[in-house]
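Structure first, commentary second.
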Amino acid sequence: MVPESYYLALSAVLFSIGVVGVIIRRNPLVIFMSIELMLNAANLAFVAFGHRLGSNDGQAVVFFVMAVAAAEVAVGLAIIVAIFRLRRRLSVDDLSLMRW
Amino acid sequence: MSPVVPPPAVALGVLLPVLVVLAAAAVVLVLDVLPPRDSKAHLGGVALAGIIGALLAIVMRWGTDARAFRDMVLLDTYALYFDLVICYAAALIVMFSMDYLGRTGSESGEYYSLLLFSTAGMMLMASAGDLIVVFLALELMSLSLYVLAGFFKQRLTSGEASMKYFLLGAFASSFLLYGIALIYGATGSTNLDRIAAAAATRNAEPMVLIGLAMMLVGFGFKISSVPFHMWAPDVYEGAPTSVTAFIATGSKAAAFAAMIRVLVVALRGAQPDWSALLWALAALTMTVGNVVALAQSNLKRLLAYSSIAHVGYMLMGLVAGGGPGPGAVLFYLLAYTFTTVGAFGAIALCARAGEEAVEVSDYAGLARRHPVLAATLALFFLSLIGIPPLAGFVAKFYLFGAAVRAGYIWLTVIAVLNSAVAAYYYLRVIVYMYMREPDGEPVAVAPSLAGGLALTLAVAGIVILGLMPAPFADLAQVAVAPLLR
């Protein structure tokens with residue numbers, strides 16, 4: 001039996017990897033994957049907490065989050081494709097038309 | 001063996017205003033594929049009718065205090081007040097869009113339905129009684145706005161705005177979600193009232209505080225407070241101007257609605273902690289917003305930084321706390337929404353040499369050629385400065401008054417100094433309009449009936465709010481009452 005704190009530690013590590021990925025990677029697709037990792041880290045935390053508290057709420061939440069993540073994928077990829085059509089290159093460093 | 005959960009009673013009446021908006025969105029989607037295929041001008045009218053229907057539903061339901069779906073959705077005066085602000089903004093923006101999109105030839109059904117979907121998300125945020133509903137409503141609002149920001153598919157700036165808004169928005173939402181997970185873990189519930197009850201017995205656990213901080217990151221992004229504001233100027237500049245107006249008003253009002261409810265109801269036990277955090281955020285936000293706005297030559301970016309500064313003022317009311325603080329914030333949001341929608345709307349009406357007129361220098365000599373529009377725009381800017389007798393003055397008066405009464409003298413001093421700085425960049429635009437001559441082609445303005453009506457409504461809003469603030473201020477106080485029980 002693995003104790004809950006292990007799951008929470010794993011979730012915190014996953015979340016941190018996601019944050020670092022968003023900050024240091026330059027490809028929008030990889031940034032997007034890192035964001036998905038952050039969402040799934042939150043999911044893992046919800047399930048672990050739900051198990052510790054003995055309630056189903058945590059697991060129910062995960063379904064909603066998964067649905068939202070799927071919707072986010074649809075919108076995100078559409079935006080990336082729309083930009084790629086105009087530009088033929090994909091790096092957030094190119095997104096610099098507007099600067100203060 | 002887990003206990004059998006009885007299905008919740010279905011009480012659609014509580015969702016009535018949201019459902020009206022969603023139904024209108026669905027009708028717009030269906031009408032989009034029916035003839036006439038070549039003209040989409042009527043779809044704006046349908047969207048507007050839906051929003052007016054929602055406004056009627058809100059007025060009908062005023063004074064109720066209903067909750068449904070196991071306390072997940074609340075319909076109290078607080079939610080109804082925000083519904084009113086959001087629907088007012090949405091109605092004006094639909095009218096401006098009919099004019100703006102008609103001129104650029106990009107009117108379409110999906111634009112109006114996405115606008116309505118995000119309106120529904122905003123209204124749900126104000127009604128949320130559960131952190132999960134806050135998250136879902138926020139995503140409904142945001143996902144629609146990400147697409148709307150990139151609506152001009154042929155323009156690189158629009159795509160860039162959309163991508164930046166999406167990546168940073170999704171990043172911030174995952175912080176919000178992780179914060180919710182931590183608070184759920186610490187208190188055993190995602191329901192706002194039950195969190196408050198559970199947190200009251202245990203004194204400020206570290207997990208609650210970390211969760212609170214992470215949720216503030218998520219909300220701070222949506223209201224664009226410093227240091228989570230970096231997206232705002234780029235998105236405001238690149239997005240279609242009508243969408244910018246909605247991001248600046250509707251999404252901010254909705255994020256404030258959810259944030260105030262979460263902080264004041266669920267996390268009232270941690271008030272000293274979040275109050276101190278927000279003090280710093282407020283001072284930083286108004287100062288950075290105003291100082292950077294001084295250097296802007298693009299009017300949309302200037303208004304973006306000005307809107308950041310206004311968020312700083314509003315956070316001040318939240319710091320003040322108690323009844324008068326949040327009440328003043330609600331009133332400020334109303335005044336801010338009236339003024340900002342009008343200002344962006346007026347900009348959307350102007351064009352120069354076939355392009356949108358977005359540089360401050362484009363507006364040189366506007367007063368000579370289009371005295372009415374110049375006067376209107378000047379009124380909006382004067383209200384943003386806070387000149388009596390316009391809405392902005394009264395709103396600042398209530399807000400600063402609440403902060404002083406709560407003993408936050410230094411924060412108020414910072415805010416007053418900031419207001420003085422802000423006058424410079426607003427007045428600069430007015431100077432251009434009235435005292436400079438255009439070099440090259442002047443700005444062309446041809447407002448349609450819808451655009452003119454929307455401008456008239458916005459001006460009427462700020463003048464009425466400025467001359468007779470008392471009933472509206474009472475309304476705002478009545479609206480926050482359900483939070484303070």
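Kindly evaluate B:L467 against the criterion of being touching a residue at least 12 places away in the same chain (Cβ under 8 Å) and surrounded by 14 or more Cβ atoms within 10 Å (Cβ to Cβ).
no
This table checks each residue for (1) under 30 Å from A:L39 (Cα atoms); (2) within 14 Å of chain A (Cβ to nearest Cβ); (3) modelled with pLDDT under 95.
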| position | (1), (2), (3) |
| --- | --- |
| B:L55 | no, no, no |
| B:R70 | yes, yes, yes |
| B:V73 | yes, no, yes |
| B:L92 | no, no, no |
| B:S142 | yes, yes, no |
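Count, please, the residues in the stretch B:128-156 that happen to be more than 15 Å from the chain's Cα centre (by Cα), over 26 Å from A:I83 (Cβ atoms) and part of a helix (DSSP H, G or I).
The number of residues fulfilling the criteria is 6.
Which residues, taken from the stretch B:316-330, are in contact (Cβ under 8 Å) with a residue 60 or more places away in the chain and in contact with a Gly (Cβ under 9 Å, 6 or more places away or on another chain)?
Listed by number, the residues that qualify are B:M316, B:G317, B:V319, B:A320, B:P324, B:G325, B:P326, B:G327, B:A328, B:V329, B:L330.
When the residues of the stretch B:99-109 are filtered to those that are in contact with a Phe, Trp or Tyr (Cβ under 9 Å, 6 or more places away or on another chain) and over 15 Å from B:D32 (Cα atoms), which remaining residue is surrounded by the most Cβ atoms within 10 Å (Cβ to Cβ)?
Checking each candidate, the answer is B:L101.
Working only within the stretch B:358-378, note down all residues that are buried (at least 23 other Cβ atoms within 10 Å of the Cβ) and among the hydrophobic types (A, V, I, L, M, F, W, C).
Hits for the stretch B:358-378 are B:L366, B:L377.
What number of residues within the stretch B:157-173 satisfy the criterion of being more than 7 Å from chain A (Cβ to nearest Cβ) and either under 17 Å from the mean Cα position of the chain (by Cα) or over 17 Å from A:D94 (Cβ atoms) (or both)?
Qualifying residue count for the region: 4.
Residues in the stretch A:76-93: is at least one within 7 Å of chain B (Cβ to nearest Cβ), small (G, A, S) and in contact with a Ser or Thr (Cβ under 8 Å, 6 or more places away or on another chain)?
yes
Among A:I24, A:I83, which is the only one that is surrounded by 13 or more Cβ atoms within 10 Å (Cβ to Cβ) and either out of contact with any strand residue (DSSP E or B) (no Cβ under 8 Å at 6 or more places or on another chain) or in contact (Cβ under 8 Å) with a residue 60 or more places away in the chain (or both)?
Exactly one of A:I24, A:I83 is surrounded by 13 or more Cβ atoms within 10 Å (Cβ to Cβ) and either out of contact with any strand residue (DSSP E or B) (no Cβ under 8 Å at 6 or more places or on another chain) or in contact (Cβ under 8 Å) with a residue 60 or more places away in the chain (or both), namely A:I83.
Looking at the stretch B:230-247, which of its residues are within 13 Å of chain A (Cβ to nearest Cβ) and surrounded by 24 or more Cβ atoms within 10 Å (Cβ to Cβ)?
Matches in the stretch B:230-247: B:A232, B:P233, B:D234, B:V235, B:Y236, B:E237, B:G238, B:A239, B:T244.
Being aromatic (F, W, Y), buried (at least 24 other Cβ atoms within 10 Å of the Cβ) and either facing chain A (nearest Cβ under 9 Å) or within 25 Å of B:V94 (Cβ to Cβ) (or both) narrows it down to one of B:F135, B:F152, so name that one.
B:F135
Restricting to the stretch A:44-69, count the residues that are more than 7 Å from every other protein chain (Cβ to nearest Cβ), part of a helix (DSSP H, G or I) and free of Cβ contacts under 8 Å to residues at least 24 places away in the same chain.
7
Working only within the stretch A:1-43, note down all residues that are under 10 Å from the mean Cα position of the chain (by Cα) and outside any helix (DSSP H, G or I).
Result: no residue meets the conditions.
Tally up the residues in the stretch B:400-437 that are under 16 Å from B:L315 (Cβ atoms), of a type in the set (S, T, Y) and part of a helix (DSSP H, G or I), please.
Matching residues across the stretch B:400-437 total 2.
Kindly evaluate B:V20 against the criterion of being at pLDDT below 95 and part of a helix (DSSP H, G or I).
Considered against the rule, which asks whether it is at pLDDT below 95 and part of a helix (DSSP H, G or I), B:V20 comes out as no.
Could you check B:D193 against (1) part of a helix (DSSP H, G or I); (2) within 23 Å of the chain's Cα centre (by Cα); (3) more than 9 Å from chain A (Cβ to nearest Cβ); (4) not aliphatic (A, V, I, L, M) and say which number it fails?
(2)
The values are calculated or read from the model by the stated rules, or taken from the named source; none is laboratory data. All of these numbers come straight from a predicted model, not from anything done at the bench. Quick reminder, even Gly has a Cβ in these numbers, built from the backbone with ideal geometry, and neighbours come from all protein chains shown.
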